[in-house]
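Presented below is the structure to which this report refers.
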Amino acid sequence: MNCVEVREGIYFVGAADWNVRSFHGYSTNRGATYNAYLIIDEKITLIDTVKAPFAEELIRRISDIIDPSKIDYVVSNHVEMDHSSGIPAIMEVAKNAVIVTSAPSGLKGLQAHYGSDYNYMAVKAGETLSIGKRSLAFVATPMLHWPDNMVTYCPEEKILFSNDAFGQHFASSKHFDVDVNLEEVYQEAKKYYANILMLYGKQAAKALEIVRTLDLEMICPSHGIIWTKHIAEILDKYEEFATGKAKDKAIIVYDSMWHSTEKMAHAILEGFAKKGVETKLYDLKENHISDIMTEVLDAKYIAVGSPTLNNTMMPTVAGFLCYMEGLHPENKKAFAFGSYGWGGQAVVKIQDKLKEIGCEIICDPIKTTYIPSEEVLNTIETSIETLI
Ligand code: FEO
């Protein structure tokens, strides 16, 4: 196995999951990596592990550098199993290792997953651990995105092991930001934030404040590419994400049965476009909700459309709204639209849900019966022009 030395004495020992295409519902079209890092010092330290099916690969990579039984510390920055489910396999070979985790949530979480028999060391925010010529400082980042999350800073190396933060689901044979297509990586970093961290913007902003005080030469996340030359850029992007900074951009999301709601979606698109607003249109039959949510992150407007089906909206639209409710995007101006034959309950229910999510409703639902005529479509287009 190729050993990847990210800094003298510090190695990438994680694994790429090239063909994974779903992370509990989030579409991972470029695969994923579970990054773990081995630090060779007086105390041999492993930062995070990997998802259980990749534990053998982790151990093989470590074995190319040292005898894994010599590991003294396993730092678990986050209990979620994509990083921790390799712990039992590691502890099987490194029987004397101490698992370092956050107090109290990390300890509680790891014990709930893997039992209480291992040697645990629960550390509080601000505590440091000497591992020889280097030290590790633990920075709590609770609810980014679990209660246990922490990041680990090595001041002697100016490296932050950031776990989920600044990560991307991006499988690559290259490991550094300078060696890959950066636009793809930024896109995946945005998608990661939108689908995993968006709900926790306040916590992200707080963590970012702390990270900005650190002297940094490298950010080693537990997913994707390592940041070296583009640290300032990824920090600035997180600043924008966390503050909910919106562009003059509209997202139109809909499903349609017989193309009537679809025609309305296109009329709405024309209205926005005429006002110079960058607009993107997504048919829920053809697009994944996690890709749409990536675009919602920095959009000012969102229009959600559905025909009325059995007195309510279509299930695809309900699923999208449920997903959006969980992620709770901030600062969105929104409205509902849709065609109906009779009843017309869908648009009312969509509007109610948009309100619940916290969107500002900027107009009454736009609705039409059966097939919208050219005149109706022109009216819709004009109404959008006058609305913004
Ligand atoms: Fe990558 Fe929250 O786990």
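May I ask you to list pairs of residues, at least six apart or on different chains, whose Cβ atoms are under 9 Å apart, with the first in the stretch 182-194 being in the same structural domain as LYS229 (by the TED database) and under 15 Å from PRO221 (Cα atoms) and the second being open to solvent by 30 Å² or more (accessible area, probe 1.4 Å) and among the basic types (Lys, Arg)?
TYR186/LYS237; GLU188/ARG30; ALA189/LYS237; LYS190/LYS237; TYR193/LYS237
For the structure I just gave you, tell me whether PHE170 is buried (at least 22 other Cβ atoms within 10 Å of the Cβ), under 15 Å from the mean Cα position of the chain (by Cα) and more than 16 Å from the ligand (Cβ to nearest atom). Talk me through it step by step, then tell me what you get.
On the way: buried (at least 22 other Cβ atoms within 10 Å of the Cβ): yes; under 15 Å from the mean Cα position of the chain (by Cα): yes; more than 16 Å from the ligand (Cβ to nearest atom): no.
Taking the combined requirement at face value, the residue does not satisfy it.
Would you mind stating whether SER22 is over 30 Å from CYS322 (Cα atoms) and either within 16 Å of the ligand (Cβ to nearest atom) or not assigned by the TED database to the domain that holds ILE219 (or both)?
For SER22, the condition - over 30 Å from CYS322 (Cα atoms) and either within 16 Å of the ligand (Cβ to nearest atom) or not assigned by the TED database to the domain that holds ILE219 (or both) - is not met.
Here are the criteria: (1) within 15 Å of the ligand (Cβ to nearest atom); (2) buried (at least 24 other Cβ atoms within 10 Å of the Cβ). Tell me which single one ILE159 does not satisfy.
It is condition (1) that ILE159 fails.
What number of residues in the stretch 61-88 are without any contact (Cβ under 8 Å) to a residue 12 or more places away in the chain and more than 14 Å from GLY14 (Cα to Cα)?
Taking the stretch 61-88 first, the residues without any contact (Cβ under 8 Å) to a residue 12 or more places away in the chain are 63, 67.
The next check asks that each one be more than 14 Å from GLY14 (Cα to Cα); those that pass are 67.
The qualifying residues number 1.
Within the stretch 96-110, which residues are open to solvent by 10 Å² or more (accessible area, probe 1.4 Å), closer than 23 Å to MET143 by Cβ and not small (Gly, Ala, Ser)?
Those that are open to solvent by 10 Å² or more (accessible area, probe 1.4 Å), closer than 23 Å to MET143 by Cβ and not small (Gly, Ala, Ser): PRO104, LEU107, LYS108.
Taking the condition of being in a strand (DSSP E or B) and either open to solvent by 20 Å² or more (accessible area, probe 1.4 Å) or not assigned by the TED database to the domain that holds ILE65 (or both), how many residues in the stretch 25-40 meet it?
Step one: filter the stretch 25-40 for residues in a strand (DSSP E or B), giving 26-27, 32-34, 37-39.
Next, only the ones that are either open to solvent by 20 Å² or more (accessible area, probe 1.4 Å) or not assigned by the TED database to the domain that holds ILE65 (or both) stay: none.
Of the residues in that region, 0 qualify.
Can you tell me which of THR49, THR45 is part of a loop (DSSP other than H, G, I, E, B), in contact (Cβ under 8 Å) with a residue 12 or more places away in the chain and in the same structural domain as PHE12 (by the TED database)? Quick ask: steps written out before the conclusion?
On the way: THR45 fails: part of a loop (DSSP other than H, G, I, E, B).
The conditions single out THR49.
Might you check whether a residue that is open to solvent by less than 10 Å² (accessible area, probe 1.4 Å) and under 20 Å from the mean Cα position of the chain (by Cα) occurs anywhere in the stretch 226-233? Lay out the reasoning, then the answer.
Taking the stretch 226-233 and keeping what is open to solvent by less than 10 Å² (accessible area, probe 1.4 Å), we get 226-227.
Adding the requirement that they be under 20 Å from the mean Cα position of the chain (by Cα) leaves 226-227.
Yes, some residue in the stretch 226-233 is open to solvent by less than 10 Å² (accessible area, probe 1.4 Å) and under 20 Å from the mean Cα position of the chain (by Cα).
May I ask you to verify whether SER135 is surrounded by fewer than 21 Cβ atoms within 10 Å (Cβ to Cβ) and either within 16 Å of the ligand (Cβ to nearest atom) or modelled with pLDDT under 95 (or both)?
On the way: surrounded by fewer than 21 Cβ atoms within 10 Å (Cβ to Cβ): yes; either within 16 Å of the ligand (Cβ to nearest atom) or modelled with pLDDT under 95 (or both): no.
No, not satisfied.
To keep it simple, each residue is scored yes or no on (1) more than 16 Å from the ligand (Cβ to nearest atom); (2) open to solvent by 10 Å² or more (accessible area, probe 1.4 Å); (3) more than 28 Å from the chain's Cα centre (by Cα).
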{"site": "ILE66", "(1), (2), (3)": "yes, yes, yes"}
{"site": "ILE87", "(1), (2), (3)": "no, no, no"}
{"site": "ALA94", "(1), (2), (3)": "yes, no, yes"}
{"site": "ALA112", "(1), (2), (3)": "no, yes, no"}
{"site": "ASN119", "(1), (2), (3)": "yes, yes, yes"}
{"site": "VAL123", "(1), (2), (3)": "yes, no, no"}
{"site": "SER130", "(1), (2), (3)": "yes, yes, yes"}
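Among (1) open to solvent by 30 Å² or more (accessible area, probe 1.4 Å); (2) farther than 29 Å from TRP18 by Cβ; (3) touching a residue at least 60 places away in the same chain (Cβ under 8 Å); (4) touching an Asp or Glu at 6+ places or on another chain (Cβ under 8 Å), there is one condition GLU240 misses while meeting the rest; what is its number?
If we test GLU240 against (1) open to solvent by 30 Å² or more (accessible area, probe 1.4 Å); (2) farther than 29 Å from TRP18 by Cβ; (3) touching a residue at least 60 places away in the same chain (Cβ under 8 Å); (4) touching an Asp or Glu at 6+ places or on another chain (Cβ under 8 Å), just (3) comes out false.
If you scan the stretch 368-383, which residues turn out to be exposed (fewer than 14 other Cβ atoms within 10 Å of the Cβ) and part of a loop (DSSP other than H, G, I, E, B)? Before the answer, list the steps.
Residues of the stretch 368-383 that are exposed (fewer than 14 other Cβ atoms within 10 Å of the Cβ), as a first pass: 369-371, 373-375.
Residues satisfying the conditions are TYR370, ILE371, SER373.
Please count how many residues of the stretch 307-341 are of a type outside the set (A, V, I, L, M) and part of a loop (DSSP other than H, G, I, E, B).
Adding up the residues that qualify gives 10.
May I ask you to verify whether LEU58 is open to solvent by 10 Å² or more (accessible area, probe 1.4 Å), touching a strand residue (DSSP E or B) at 6+ places or on another chain (Cβ under 7 Å) and either away from the ligand (no atom under 16 Å from the Cβ) or free of Cβ contacts under 8 Å to residues at least 60 places away in the same chain (or both)?
No, not satisfied.
For the stretch 189-211, how many residues meet the condition of being among the basic types (Lys, Arg) and buried (at least 21 other Cβ atoms within 10 Å of the Cβ)?
So the answer is 1.
Which ones in the stretch 342-367 are open to solvent by less than 70 Å² (accessible area, probe 1.4 Å), in contact with a Lys or Arg (Cβ under 9 Å, 6 or more places away or on another chain) and not in a helix (DSSP H, G or I)?
Those that are open to solvent by less than 70 Å² (accessible area, probe 1.4 Å), in contact with a Lys or Arg (Cβ under 9 Å, 6 or more places away or on another chain) and not in a helix (DSSP H, G or I): GLY344, GLY358, CYS359, ILE361, ILE362.
The values are calculated or read from the model by the stated rules, or taken from the named source; none is laboratory data. Note that the structure is predicted; figures quoted are calculated from it, not measured. Glycine also receives a Cβ, built like all others from the backbone with ideal geometry; neighbour counts cover every protein chain displayed. To get the accessible areas, we keep the full protein, side chains included, count just its heavy atoms, and leave off ligands, DNA and RNA. Shrake-Rupley method; radii C 1.70, N 1.55, O 1.52, S 1.80 Å.
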